[in-house]
Amino acid sequence: MPRPNDIKPSVTFSRLWKIVLLAFFTGFSGAMMPGPFLVAVIKQTPVQGMEAPMIMMVGHALLELAIVVLLVLGLRPIIAKVRFRAAVGLIGGAAMIYMGYDMLAHECALPLSLGAQAAAYSWPRLMLMGVVISGAYPYFIGWWTTIGVGQMAHMSPRTRTEYFGFYFGHELADFSWYGFVGVLLTTGARWLTDGIYRGLILFCGSVLLLLGVWFFLTGVKLIRGKARS
């Protein structure tokens, strides 16, 4: 008959992988949402290949590491405040409206060959883009205050290793999705024609513009509701 000490490691290992897998599969709900991060990846990948999405993801992952640590330390009441969510909605929504308009007005008119000749950003700038674009995106904040916090509450990590497992699983989903997008873009020479590229930019710009308007109006409603209360 096995002793308790012989059973404990395997149970802990099983629980850890359950946390990793749940975080991985639910992480796609955030990774696959169209937004400014996807737009930046689409614009930079033809310029400098797979390093663009991967380095941007490093910046994104560093931001999420800080968020996970702060959530553990009690950040949720702050980011759940109406004023904070309203400010993110207004600022992030306005930025998305501008980006969407700029894409529709200029980017979709460029052929893929010209897009590929644009200036390549340095690694530090790409990493900073990953941080800033993610942090200014209202859906990103909303995801972490709802789904992200809900996941952590459901999984109830008890140790640093389990918290790391949650973070690792989530980042694995992000890197997998944007790695897939990067591969499609870098190997798309045979099928990614100017027409398809313009259609992709047109779609992303339209989604970005609509989401920006939605988030901006949501921020306005939050402020009005706060003022009336």
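The values are calculated or read from the model by the stated rules, or taken from the named source; none is laboratory data. Values in this document were obtained by computation on a predicted structure and should not be read as measured data. Glycine also receives a Cβ, built like all others from the backbone with ideal geometry; neighbour counts cover every protein chain displayed. Quick note on the areas: whole protein, heavy atoms, side chains included, nothing else; ligands and nucleic acids left out. Shrake-Rupley method; radii C 1.70, N 1.55, O 1.52, S 1.80 Å.
What tally of residues in the range 10-34 results from selecting those that are of a type in the set (Gly, Ala, Ser), open to solvent by less than 50 Å² (accessible area, probe 1.4 Å) and at pLDDT 80 or above? The total comes to 3. Residues in the range 142-151 that are under 16 Å from residue 24 (Cα atoms) and either modelled with pLDDT under 75 or outside any helix (DSSP H, G or I) (or both): 147, 149, 150, 151. Within the range 26-44, not a single residue is in a helix (DSSP H, G or I), without any contact (Cβ under 8 Å) to a residue 40 or more places away in the chain and of a type in the set (Val, Ile, Thr). Please determine whether any residue of the range 141-152 is among the aromatic types (Phe, Trp, Tyr) and within 22 Å of residue 52 (Cα to Cα). Within the range 141-152, none of the residues are among the aromatic types (Phe, Trp, Tyr) and within 22 Å of residue 52 (Cα to Cα).
Exactly one residue out of 217, 172, 184, 200 is of a type outside the set (Phe, Trp, Tyr), more than 30 Å from residue 17 (Cβ to Cβ), in a helix (DSSP H, G or I) and modelled with pLDDT of 80 or more: that is 217. Of all residues in the range 155-182, those satisfying the criterion of being in contact (Cβ under 8 Å) with a residue 12 or more places away in the chain, open to solvent by 60 Å² or more (accessible area, probe 1.4 Å) and more than 11 Å from the chain's Cα centre (by Cα) are 161, 163, 168, 172.
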